[in-house]
Amino acid sequence: MGRSHRHLPPLTAAELADIYDRHPLPVVLQLLWEIHRLRSTIRRANQVRLMIGTRVGSANTPAGIWERFEQDLDAEPCLTDPLTPRQKGLLHEGEPQGRLKRRRRNGD
């Protein structure tokens, strides 16, 4: 049973970094922070899914909704993307990484 997609395929972290590298504008950075916030929400949803398991989730949600939820989460590249050089703090060797280190220490 195939699904029709009304959306373009999700962008990977590397693709998002490339967009900013090509268009390093404040508005692009603002949009990327919003994408980061939404991806953090997806990661939390994945943590909830892993904690409650599919049997519990299936029992507490209407038929088909849990399965779709899992399919949507499984299709999210932010759950499997390798870190980009910027996320690793390796963009410029020897460059101060203060903000990145602080955010990573806080779990982001």
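If ASP81 meets every condition in (1) under 27 Å from PRO9 (Cβ atoms); (2) assigned to a helix (DSSP H, G or I); (3) at pLDDT 70 or above apart from one, which number is that one?
(2)
Can you name the residue in the stretch 55-71 that is loosely packed, with under 13 Cβ neighbours inside 10 Å and part of a helix (DSSP H, G or I) and is also modelled with the lowest pLDDT among such residues?
VAL56
Can you list residue pairs whose Cβ atoms sit under 6 Å apart, with the first residue in the stretch 30-49 being closer than 14 Å to ASP72 by Cα and the second being at pLDDT below 90 and not hydroxyl-bearing (Ser, Thr, Tyr)? Count only pairs 6 or more apart in sequence or on different chains.
Close Cβ pairs (under 6 Å, with a partner that is at pLDDT below 90 and not hydroxyl-bearing (Ser, Thr, Tyr)) amount to ARG39/CYS78; ILE42/GLU76; ILE42/CYS78; ASN46/LEU73; ASN46/LEU79.
Please name all residue pairs, on different chains or six or more residues apart, with Cβ atoms under 6 Å, provided the first residue is in the stretch 1-29 and is in a loop (DSSP other than H, G, I, E, B) and the second residue is modelled with pLDDT under 90.
PRO10/PRO77; THR12/PRO77; THR12/ASP81
Quick one: would you say ARG37 is at pLDDT 85 or above, part of a helix (DSSP H, G or I) and exposed (fewer than 13 other Cβ atoms within 10 Å of the Cβ)?
Yes, satisfied.
With respect to the numbered conditions (1) modelled with pLDDT of 85 or more; (2) under 15 Å from the mean Cα position of the chain (by Cα); (3) not aliphatic (A, V, I, L, M), which one is the sole condition not fulfilled by ASP108?
(1)
Among the listed residues LEU11, LEU31, LEU100, which satisfies the condition of being at pLDDT below 85, among the aliphatic types (A, V, I, L, M) and surrounded by 10 or more Cβ atoms within 10 Å (Cβ to Cβ)?
Testing whether each residue is at pLDDT below 85, among the aliphatic types (A, V, I, L, M) and surrounded by 10 or more Cβ atoms within 10 Å (Cβ to Cβ) leaves just LEU100.
The values are calculated or read from the model by the stated rules, or taken from the named source; none is laboratory data. This is a predicted model, so every value here is computed, not measured. Positions of Cβ are generated from backbone atoms using ideal geometry, with glycine treated the same way; all protein chains shown enter the neighbour counts.
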